[in-house]
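For reference, the structure is listed below as structure tokens.
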Amino acid sequence: MAARFVYWMNVSLDLFIEHAHDEQGGGDWMSIGDELHEEFNARAEALTMMVQGRKVFETMESFWPEAPYNTTVFGGDDAIKRLGELRASSSGDIGVGGADVATQLLAAGLLDEVLLFTHPVILGSGRPLFDEMTSPVRLELLEQATYAGGVTMHRYAIGDV
């Protein structure tokens, strides 16, 4: 069975992933306590690999500067095609980090799930969860949970693109 791309993101109630320019997954608007941090770690350990857009990769690179894992970097006009090939030749869940790459995977029909950790804050502006889409995408709720600080988790399967 082919692997599945899972876009995993912390979002505000109005579906922004960052408030300030280049906040890159941080921001004091998020409520990440011990319970939620443990949930993040458990889900991350279950992934077979991660695919990240350039901005997320550059941010996370400082946390593992020696890249002791099997790291492959590619880009260009055929990047989404190559990600499709990676998905077809792999198994398990592949975490997706970054709105640009997630939007491109969704448009190509390659994104399988969206995992949102929604924080109880309205940012009003910032980087949206997805870039502009040409048509609606149906989702099926697979799982939901609540964490300390009012954070909710919703996991959705992608329907018709």
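Listing for the model above:
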item: Calculated P(r) of region 4-135 - Cα pairs past 18 Å, %; result: 57
item: Longest DSSP-loop-exposure-free segment, chymotrypsin sites (Phe, Trp or Tyr not before Pro), the chain, at most 15 other Cβ within 10 Å; result: 75-161
item: Trypsin sites (Lys or Arg not before Pro) restricted to region 72-156 and DSSP loop, no more than 14 other C-beta within 10 Å; result: 138
item: Length-normalised contact order for region 4-135 - Cα pairs under 8 Å, 6+ apart - percent; result: 55
item: Approximate spin-label separation residue 80-residue 142, in nm, with each point projected 7 Å along Cα-to-Cβ; result: 2.1
item: At 1.306 mPa s and 10 °C, Stokes diffusion of region 75-161 via Kirkwood alpha-carbon radius, µm² per second; result: 109
item: Residue-wise HN-Hα coupling along region 82-97, computed from phi with Karplus coefficients 6.51, -1.76, 1.60 (Hz; x: Gly, Pro); result: 5, 5, x, 5, 4, 4, 5, 9, 10, 9, x, 9, 10, x, 10, x
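No lab work stands behind these numbers, since they all come straight from the coordinates. Nothing here was measured: the structure is a model prediction, and the numbers come from that model. Virtual Cβ from ideal backbone geometry, glycine too; neighbours counted across all protein chains shown.
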